[in-house]
Amino acid sequence: MSTYDDLAGMLMRTDAIQTVLDSLKSEPVALLFHIYRESERTGSGVPDHRIPLTGYLRDVALRALLGAGLIERTAGGKLSIYTYRPTALGLEYCRKLESEGWKPGA
């Protein structure tokens, strides 16, 4: 094992890095679920100013959801640059999560 691998392995075991790794899994799912709920409630896309980007990695989560094809982004309206809504695949995952009793932060 190289010195770099040894040092990187030590860092990967720290609480700080483990928190980032946990956030990489949980924050995109929570954000998708938020967009799903808002879209279902309003019947339209969710304006960017109504997307909670205050989490540890929420901006990354938003880009991951777009990249995975779970949400779509369209031009915004009067008060927003973009709006977001779940794709058919995103809806399918949200409905499965809902049927399994999943709650954000769980």
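Restricted to segment 24-51, and to residues there that are exposed (fewer than 12 other Cβ atoms within 10 Å of the Cβ) and either of a type in the set (D, E, K, R) or within 30 Å of Met12 (Cβ to Cβ) (or both), the residue that is farthest from the chain's Cα centre (by Cα) is Arg41.
Suppose the filter is in contact with a Gly (Cβ under 6 Å, 6 or more places away or on another chain), over 17 Å from Asp22 (Cα atoms) and aliphatic (A, V, I, L, M); does Ile35 pass it? Judged against the criteria, Ile35 is not a match. Can you report the number of residues in segment 65-94 which are over 14 Å from the mean Cα position of the chain (by Cα), in contact (Cβ under 8 Å) with a residue 24 or more places away in the chain and not in a strand (DSSP E or B)? Of the residues in that region, 5 qualify.
Coordinate-derived values only; no laboratory data. Keep in mind the model is a prediction, meaning the values are calculated, not measured. Please note: Cβ atoms are built from the backbone with ideal geometry, for glycine as well, and neighbour counts cover all protein chains shown.
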